[in-house]
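J.: My questions all concern the structure below.
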Amino acid sequence: MAKQKKNLSSKYQPWVDARKRFHLSHAHLQMARELGLNPKKFGGLANHKQEPWKAPLPIFIEDIYFKRFGKERPDVVRSIEQMVEDKKKKKAEQKARKQKEREGNYGT
């Protein structure tokens, strides 16, 4: 039986695939997202032990994150799944608030 992918949008699915393919942690993915890296281009950045002068992908991401932001890791590390869940929850709250505002406007 094939393992099914989670129901993520096409915006987040490449990040999950890159995490599995290159054995990255949630912190590394968050750092890469904050840096604006493209997960589809990780193959060219990854070392694969063929180029000894090139740093492994997790270390490369940590180095450029430190150069840009001046800290080792993000303050709060959240997985892609947590980010999607929080976004859905926030959207539902906004929808409920707008619905409540509409009901209040009809009462006057």
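J.: Which of the following residues is without any contact (Cβ under 8 Å) to a residue 60 or more places away in the chain, assigned to a helix (DSSP H, G or I) and exposed (fewer than 13 other Cβ atoms within 10 Å of the Cβ): 63, 75?
T.: Every option except 63 fails the conditions.
J.: Could you list, ordered by first residue, the pairs with Cβ atoms under 8 Å in which the first is in segment 32-58 and in a loop (DSSP other than H, G, I, E, B) and the second is surrounded by fewer than 13 Cβ atoms within 10 Å (Cβ to Cβ), at least 6 apart or interchain?
T.: 55/63
J.: Hey, residue 84 hits all of (1) not assigned by TED's automatic domain parsing to the domain that holds residue 34; (2) not in a helix (DSSP H, G or I) but one; which does it fall short on?
T.: Every listed condition holds for residue 84 apart from (2).
J.: If I ask for residues that are aliphatic (A, V, I, L, M) and within 11 Å of the chain's Cα centre (by Cα), which ones from segment 36-66 would you list?
T.: 37
J.: Would you mind stating whether residue 102 is modelled with pLDDT under 90 and among the basic types (Lys, Arg)?
T.: Criteria met by residue 102.
The values are calculated or read from the model by the stated rules, or taken from the named source; none is laboratory data. What you see is a predicted model; the values in this text were computed from it and never measured. Ideal geometry is used to build each Cβ from the backbone, glycine not excepted, and the neighbour counts take in all protein chains shown.
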